[in-house]
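The values are calculated or read from the model by the stated rules, or taken from the named source; none is laboratory data. As the structure is a computational prediction, the values presented were derived from the model and not from experiment. When we count neighbours, we look across all protein chains shown, and the Cβ atoms used for this are built from the backbone with ideal geometry, even at glycine. Areas reflect the complete protein model, heavy atoms only, side chains present, ligands, DNA and RNA absent. Shrake-Rupley method; radii C 1.70, N 1.55, O 1.52, S 1.80 Å.
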Amino acid sequence: GWCPLSPTGAQTTQLLVEPPWRPAVLWDRVTLTCQGSGTASATTWYEDRQRWGQEGGDHFTVTQRGTYMCDRPSSGLSPPMNVSDDQVVLQVPAWALLEGETLTLHCRY
């Protein structure tokens, strides 16, 4: 794994998506993983900005479209991750790219 750092050096909470393409689409059987400091059992999940399910578990497979976030007490709330059910999508890699790198796009339908 990796530990993303904020500009001040503090750990932040991130949502990782598998398969690693954005936008995430429901028919891809998307798994979200909450990465941050603290224990996985302290994870709180949010769907469409509402507390969703129970605390605990750092990953799950998405079963409906929506905007998801997770919270870890030690590192805070993650940025939102949208999972759509669009029929046609142009996807880009979910990881960061550097200038000059080759970019692979996926047109999916």
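Values computed for the structure shown
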{"item": "In Hz, Karplus ³J(HN,Hα) per residue of region 37-48 (6.51, -1.76, 1.60; θ = phi - 60°; x = Gly, Pro)", "result": "7, x, 8, 4, 5, 8, 6, 10, 9, 10, 10, 6"}
{"item": "Rel. contact order, % - alpha carbon contacts under 8 angstrom, at least six apart, region 14-108", "result": "30"}
{"item": "The chain: most fluctuating residue of Val83, Val25, Val92 per GNM, C-alpha cutoff 10 Å", "result": "Val92"}
{"item": "By accessible area with a 1.4 Å probe, ligands and nucleic acids excluded, highest first: order of Asp71, Asp86", "result": "Asp86, Asp71"}
{"item": "Accessible area expressed per residue, region 14-108, with surrounding protein chains retained (probe 1.4 Å, Å²)", "result": "59"}
{"item": "Area of Trp95 that stays accessible when all protein chains are in place (1.4 Å probe, Å², to 10)", "result": "130"}
{"item": "Overall Cα dimensions of region 15-109, principal axis frame, Å, largest first", "result": "37, 30, 18"}
{"item": "Qualifying trypsin sites (Lys or Arg not before Pro) in region 36-109, DSSP loop, other Cβ atoms within 10 Å at most 14", "result": "Arg49"}
{"item": "Sulfur and carbon atoms: percent of accessible area, the chain [1.4 Å]", "result": "52"}
{"item": "Highest-MSF residue in the chain out of Leu77, Leu26, Leu97 [GNM, Cα springs under 10 Å]", "result": "Leu97"}
